[in-house]
1. When you go through A:SER125, A:SER159 one by one, which is the residue that is away from chain B (no Cβ under 14 Å), surrounded by 15 or more Cβ atoms within 10 Å (Cβ to Cβ), modelled with pLDDT under 85 and touching a helix residue (DSSP H, G or I) at 6+ places or on another chain (Cβ under 8 Å)?
2. Within the set of pairs 6+ apart or on separate chains, which have a first residue in segment A:5-23 that is assigned by TED's automatic domain parsing to the domain that holds A:ILE48, a second that is in a helix (DSSP H, G or I) and among the aromatic types (Phe, Trp, Tyr), and C-beta atoms under 9 Å apart?
3. Quick check, is A:SER38 more than 29 Å from the chain's Cα centre (by Cα), hydroxyl-bearing (Ser, Thr, Tyr) and assigned to a helix (DSSP H, G or I)?
4. Consider only pairs whose beta carbons are under 8 Å apart and that are at least six residues apart or on different chains; among these, list those whose first residue lies in segment B:92-115 and is under 15 Å from B:LEU63 (Cα atoms) and whose second residue is acidic (Asp, Glu).
5. Of all the residues that make up segment A:58-77, how many are assigned to a helix (DSSP H, G or I) and in contact with a helix residue (DSSP H, G or I) (Cβ under 6 Å, 6 or more places away or on another chain)?
6. Mind listing just one residue for me: the one in segment A:164-189 that is of a type outside the set (A, V, I, L, M, F, W, C) and within 14 Å of chain B (Cβ to nearest Cβ) and, of those, surrounded by the most Cβ atoms within 10 Å (Cβ to Cβ)?
7. Go through (1) modelled with pLDDT under 90; (2) within 14 Å of chain B (Cβ to nearest Cβ); (3) touching an Asp or Glu at 6+ places or on another chain (Cβ under 8 Å) and name the single condition A:LEU220 misses.
8. So which residues in segment B:52-102 are under 24 Å from B:VAL38 (Cβ atoms) and in contact with a Leu (Cβ under 7 Å, 6 or more places away or on another chain)?
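The values are calculated or read from the model by the stated rules, or taken from the named source; none is laboratory data. No experiment lies behind these values; they were computed from the predicted model shown. Ideal geometry is used to build each Cβ from the backbone, glycine not excepted, and the neighbour counts take in all protein chains shown.
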Amino acid sequence: MPSRLAQIVEDKEDSLLSKWMTMQSQILGSLKDRVSNSEIRTTLHDFILALRQGLAGGRFRNVDGAEWSSMRDVLANLSRQRATQGFTPAETAMFVFSFKPVLFDELRESYAKDPAGLAEEILVSTELLDKLGLFTMEVYQKTREAVIVRQQQEMLELSTPVVELWTGILALPLIGTLDSARTQIVMQNLLEAVVARGADMAIIDITGVPTVDTLVAQHLLKTVAAARLMGAECIISGIRPQIAQTIIHLGVDLGSVVTKANLADAFRLALRKKCLAVAAI
Amino acid sequence: MERIPILKLGQFLLVTIQVDMHDRLALVLQEELTGRIVTDSARGVLIDISSLDIVDSFIGRMLSNIAGMARVLDAETVVVGMQPSVAITLVELGLSLPGIRTALNVDRGMELLKASIIAEDEARHGQAG
């Protein structure tokens, strides 16, 4: 028996829309101030329009087909919008799932005298709506991931400044955990600054690095080695007592790198190495 | 045949590497450079690699070798002008060129050599006096 789903949705479009609208208002509840009523109505309308288009294709089991492309657009838009507006995953998924009771009501009316047909139709439409719901979630997840990636990049850009303390003396205040990706950027920034400012001293200040393990130490040593290859001497400063303890407990060998407890001491040493002195006047 | 020119600057020799290094060229350079250190009684060697975009382990080893040979002949070697990307690559490869002195550019390298020669001479005077 062919499914009458397409026919039913077309005939009952208005009633579906108004019932669903009421449902949406209930679900949104306290979140209503984030989206306007007319906005919801437009989205619902678009959804039903796209649903009719998809159903007309006759293939309900595969939402990847061309006839479902406008449906995918509607859901992707909605999902992206909600992800950036700060809706939770459940609230976003409920948009599609809330259509189920509305549609089932209409189906029940249309199949009042045919229980077997009703069961069949409900099964088909549940499967379809579940797939659409999952698709919505997928887009939601991707949008959130994109946001996270962007924030990571912004943090990388924000957190690795190179400052010039004196002619030829650079300071690199590191804040946050050092991982491979960050070390790469830190190294690049430092080396480029060494060339641009013609520096021969660099102070790497790790006051803002929360923990130093073997990996972080290795990254630091790499940075120091790279700077040395460019002819710049490095001093590591800002080693907190806990970190000094960790370094020794872990057996990390900082080798020949000069280390100082704070930036001021490191700066003093750098000045002395350049045969400069700060005097009171 | 391709050759890398060696320029004499006072007490120092300046080698600017601008072409791709390969085995034979490296050997020729080693031979000529050691010869020139002796004939010119040079006190220092500056190797400028600022125009090299790619430095591999072979060149790294060659630089170490030259530095070692020069040291035996009582001349300091300073490698100058390494590109940032080259420095990063070498460090990632685990070649931090220990035992080679480095400087940002030829100017700085020259200062470094002069300073170390003065220190050396003073030490000798100290011993003599």
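1. Details: A:SER125 fails: modelled with pLDDT under 85.
Exactly one of A:SER125, A:SER159 is away from chain B (no Cβ under 14 Å), surrounded by 15 or more Cβ atoms within 10 Å (Cβ to Cβ), modelled with pLDDT under 85 and touching a helix residue (DSSP H, G or I) at 6+ places or on another chain (Cβ under 8 Å), namely A:SER159.
2. Sorted first by the residue in segment A:5-23, then by its partner, the pairs are A:LEU16/A:PHE99; A:TRP20/A:PHE47; A:TRP20/A:PHE99; A:MET23/A:PHE99.
3. On the way: more than 29 Å from the chain's Cα centre (by Cα): yes; hydroxyl-bearing (Ser, Thr, Tyr): yes; assigned to a helix (DSSP H, G or I): yes.
Here the answer is yes, as A:SER38 does meet what is asked.
4. If the second residue must be acidic (Asp, Glu), the pairs left are B:ARG101/B:GLU76; B:ALA103/A:ASP200; B:ALA103/B:GLU111.
5. Restricting attention to segment A:58-77, the residues satisfying the condition of being assigned to a helix (DSSP H, G or I) are A:66-77.
Then drop every residue that is not in contact with a helix residue (DSSP H, G or I) (Cβ under 6 Å, 6 or more places away or on another chain), which leaves A:67-68, A:70-71, A:74-76.
So the count comes out to 7.
6. To start, the set of residues in segment A:164-189 that are of a type outside the set (A, V, I, L, M, F, W, C) comprises A:164, A:167-168, A:173, A:176-177, A:179-180, A:182-184, A:188-189.
Among the residues that remain, those that are also within 14 Å of chain B (Cβ to nearest Cβ) are: A:167-168, A:180, A:182-184, A:188-189.
On the way: A:THR167: 11, A:GLY168: 19, A:SER180: 10, A:ARG182: 19, A:THR183: 21, A:GLN184: 16, A:GLN188: 17, A:ASN189: 17.
Among residues in segment A:164-189 that are of a type outside the set (A, V, I, L, M, F, W, C) and within 14 Å of chain B (Cβ to nearest Cβ), the one surrounded by the most Cβ atoms within 10 Å (Cβ to Cβ) is A:THR183.
7. For A:LEU220, the failing item is (3).
8. Those that are under 24 Å from B:VAL38 (Cβ atoms) and in contact with a Leu (Cβ under 7 Å, 6 or more places away or on another chain): B:LEU63, B:SER64, B:ILE66, B:GLU76, B:VAL78, B:VAL79, B:VAL80, B:ILE100, B:ARG101.
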